[in-house]
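Encoded as structure tokens, the structure appears first; notes follow it.
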Amino acid sequence: MSGRVEQVSQWCYRGVWGVLTRWFRVPDRPPTLPSLSGEKITSFQPDRGFLRYLLLQFWIALVVIDGVILVGWLVITIASPIVGAILFVPALILAIVPDIVAYLAVHLRFDTTWYVMGDRSLRIRRGIWVIHETTLTFENVQNVSVRQGPVQRYFGISNLLVDTAGGGQSQAGPHGVQAMTAHRGLIEGIADAQRIRDLIMKQLRKSRSAGLGDEGDLPHAGRSWAAAHLSALREVRDAVRALPPPATPSS
């Protein structure tokens, strides 16, 4: 029976997902990241433990909110059974409809979160109605830290915070998680946060050892002077030599 219910819920969710991707232009693919030829690009999403973590928060909120609605309806029914009978259907709708919307929103939040990492930069995209996309360049990274609360530890997930140059203190968001700002990237709900941190630190060291810019980005880096360049330099040299010596000032 539970398997049948799960199949129906998955079918409904896929229908909602299809409507969102077609009508509201919600991307169903990871974002692209500018890269050089041969650069390795890795795309990944939060771990499944992050979905269970979000669902736990959903069920806690559901019990609290629906409990308040139920207690309120019972108080009204005890005081006036007729009014309670009239309000039964509205109270039921008020309890169920937001729960369905919130349940779908949890799954959509999980499915629309993407992280794309290359050799030089990291791109983070999340959002359903309003899509937020942030790109961080590794050479500007100042600090990479791993955050894990007790509930996250139970689900085997962590958050990775990437601070870049010029970033200030960001505001604390829901559940004590630091919100993503223009100078901070939040990679949340991943099981291998330490490995991702090591990869970012490795690319950071490579970027800094290359200086402000890689020589391969310069138009003539690593190339010898062309014959036309040498000829022009010789003409300038000969012209300088042909100039008369400066006049000696008379005493």
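The values are calculated or read from the model by the stated rules, or taken from the named source; none is laboratory data. Small disclaimer: the values here were computed from a predicted structure and weren't measured. Counting neighbours? That spans all protein chains shown, and the Cβs are built from the backbone with ideal geometry, glycine included. Areas reflect the complete protein model, heavy atoms only, side chains present, ligands, DNA and RNA absent. Shrake-Rupley method; radii C 1.70, N 1.55, O 1.52, S 1.80 Å.
Restricting attention to region 28-75 and to residues that are part of a helix (DSSP H, G or I) and among the charged types (D, E, K, R), the residue that is farthest from Asp119 (Cα to Cα) turns out to be Asp66. Do you know which residues across region 107-139 are of a type in the set (Ser, Thr, Tyr) and open to solvent by 20 Å² or more (accessible area, probe 1.4 Å)? Residues satisfying the conditions are Thr134, Thr135, Thr137.
Remark: pairs (first residue in region 35-64, touching a residue at least 12 places away in the same chain (Cβ under 8 Å); second residue open to solvent by 50 Å² or more (accessible area, probe 1.4 Å) and in a helix (DSSP H, G or I); Cβ separation under 7 Å; 6+ apart in sequence or on different chains) = Tyr53/Val151; Leu54/Arg109; Phe58/Tyr103.
Within region 155-169, the set of residues being at pLDDT 85 or above and either farther than 26 Å from Leu55 by Cα or buried (at least 18 other Cβ atoms within 10 Å of the Cβ) (or both) comprises Phe155, Ile157, Ser158, Asn159, Leu160, Leu161, Val162, Asp163, Thr164. Scanning region 66-112 for residues that are closer than 30 Å to Ile190 by Cα and over 30 Å from the mean Cα position of the chain (by Cα) yields nothing. For residues that are open to solvent by 70 Å² or more (accessible area, probe 1.4 Å) and either at pLDDT below 90 or polar (S, T, N, Q) (or both), tally how many sit in region 141-154. Residues in region 141-154 being open to solvent by 70 Å² or more (accessible area, probe 1.4 Å) and either at pLDDT below 90 or polar (S, T, N, Q) (or both): 3 in total.
Does Leu51 qualify as being within 21 Å of Leu104 (Cβ to Cβ), out of contact with any Cys (no Cβ under 7 Å at 6 or more places or on another chain) and surrounded by 14 or more Cβ atoms within 10 Å (Cβ to Cβ)?
yes
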